[in-house]
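The structure appears below as structure tokens.
The values are calculated or read from the model by the stated rules, or taken from the named source; none is laboratory data. This one's a predicted model, so the numbers in the text were calculated from it and none came from an experiment. So basically every Cβ, Gly included, is an ideal-geometry build from the backbone, and we count neighbours across all protein chains shown. Please note that ligands, DNA and RNA were not included when accessible areas were found on the heavy atoms of the full protein model with its side chains. Shrake-Rupley method; radii C 1.70, N 1.55, O 1.52, S 1.80 Å.
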Amino acid sequence: MSLELAVLLAAFAGLSLCRVPIAVAMLVSGFLYLAVAGQDPGIVTDQVMNSLYGSYVLLAVPMFIFAANIMTISSIADRLFRAANALVGSLPGGLGHVTVTTSLLFSSMSGSALADAAGPNLIALKMMRDIGGFRPGFATALAAAAAVIAPIIPPSVPMILYALNSGASVGALFLGGIVPGLIMGFALMGGLAIIAKRSDLPRGEKLPKGELGPVLARAIIPLSIPVVLLGGIWTGVFTPTEAAAVAALYSLAIGVLVYRAITFASLWGAIVESMRTSSSVMLLIAGAFIMNYAITSERLDRLLADYVQGAGFSRLEFLLMINLVFLALGCLIDTGTLILVFVPMLLPTVVALDIDPVHFGVLVTINIMIGLITPPFGMLLFTLSKLGEVPLRQVISEIWPFIGILILVLLLVTYVPGTVLWLPGVFGF
């Protein structure tokens, strides 16, 4: 290990342990690397800024973030929850099935696990706890597990970041996430059905036939959002990046003109929150670019590829190893950091082993999302524990069955690439 690389790693680890924001830690450690290496930081900064301003794909990130915030402040989440309750609420453990179903519906609009957790899943959590009689820890754990589906079913902010680094088609990644996302949802519902039978979880009330139609009708307009987005992408009417702007405008029009649920104050709050989140993401990307410059200069990506080839790892062995690494890192390190820093190191190995980049991208995204609910540092556990006012220890004790279910789905996607690649192939990718 060179002195320059040692300084970079030591600075990054030290700043992270001191709770310095990850983006700042990457920027500081990256510039320390340049200083020790005697390289001109101005040239590297110019390259980073050109990469940021020249990336058309990155425009989708703030737009999807804004769209998710608009959906949260409007009545879209509530209408989707009521529609899901009408469909599956009468099953054993009904409100739990409603939670997963709502996540499946909302995930095709938001692209963010945190948006899903803070929106419809928070509503579902309170309903399960206050009306359904679920244990608070169990309700929170289920809401967190269901929220991880959001970035798997398109649109997906993590997949956009992966496409930025890998050059993979955003459209193919979006299509590739649909089947695994649906499998995750149905697997959680299957596991919930078993738990409901053993624990005698309550059923929800079945709606009278006369009320079913109106409840579903009120959800038709929100359900049209993914149809418009994905239909426009697949038919070529607009690109995935343009789809992000369409999602934001369409959600705003529904909230303001149709439902009249958005006030000026709530809209301004959504704009400010979107700007704050987008700025954090862009700062993170800038830091990651500098870190990637150091990694490339040290040839770590090529050294890793040579090692894997020399050790004789098969594709499946490599993917299983990646699963273990990302599951461990996913509960410790920010999602954006994992995709923007660690994935570029692995891409030469992915190419050398002839692994499809779309399959790898979806696999990495699933790994990282499971990390968000893995103790002790799963971000979704902290978020819903705080929002739902449930002690974290109760959530951790209840989350393990759902983690086990999602890991089984992860292994299925690892062993059977067709779960990811079949739908992109149907659409010509």
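Filtering the stretch 230-275 down to residues that are assigned to a loop (DSSP other than H, G, I, E, B) and farther than 19 Å from Ile65 by Cβ, which residue is most open to solvent (accessible area, probe 1.4 Å)? Among those that are assigned to a loop (DSSP other than H, G, I, E, B) and farther than 19 Å from Ile65 by Cβ, it is Arg260.
A quick yes/no check of all residues on (1) surrounded by fewer than 24 Cβ atoms within 10 Å (Cβ to Cβ); (2) touching a Gly at 6+ places or on another chain (Cβ under 8 Å); (3) of a type in the set (S, T, N, Q):
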site	(1), (2), (3)
Leu122	yes, yes, no
Asp130	yes, no, no
Arg135	yes, no, no
Ala147	no, no, no
Ile178	yes, no, no
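Within the stretch 80-94, is even one residue part of a helix (DSSP H, G or I), modelled with pLDDT of 75 or more, closer than 30 Å to Ile271 by Cβ and out of contact with any Ser or Thr (no Cβ under 7 Å at 6 or more places or on another chain)? Yes - at least one qualifying residue is present in the stretch 80-94.
Would you be able to say whether some residue in the stretch 339-350 is within 24 Å of Leu142 (Cβ to Cβ), in a helix (DSSP H, G or I) and in contact with a helix residue (DSSP H, G or I) (Cβ under 6 Å, 6 or more places away or on another chain)? Looking through the stretch 339-350, none of the residues is within 24 Å of Leu142 (Cβ to Cβ), in a helix (DSSP H, G or I) and in contact with a helix residue (DSSP H, G or I) (Cβ under 6 Å, 6 or more places away or on another chain).
Criterion first (at pLDDT below 85 and either open to solvent by 10 Å² or more (accessible area, probe 1.4 Å) or under 22 Å from Pro120 (Cβ atoms) (or both)) does Phe402 satisfy it? No, not satisfied.
Among the residues of the stretch 287-295, some residue qualifies, meaning at least one is assigned to a helix (DSSP H, G or I), within 21 Å of Ala113 (Cβ to Cβ) and either modelled with pLDDT of 85 or more or not acidic (Asp, Glu) (or both).
Can you pull out every residue in the stretch 98-116 that is touching a Ser or Thr at 6+ places or on another chain (Cβ under 9 Å) and either at pLDDT 80 or above or open to solvent by 10 Å² or more (accessible area, probe 1.4 Å) (or both)? Ser112, Leu114, Ala115 - these are the residues of the stretch 98-116 that are touching a Ser or Thr at 6+ places or on another chain (Cβ under 9 Å) and either at pLDDT 80 or above or open to solvent by 10 Å² or more (accessible area, probe 1.4 Å) (or both).
The residues on offer are Leu223, Leu173, Leu212, and the sole one that is surrounded by 23 or more Cβ atoms within 10 Å (Cβ to Cβ), assigned to a helix (DSSP H, G or I) and at negative phi is Leu173.
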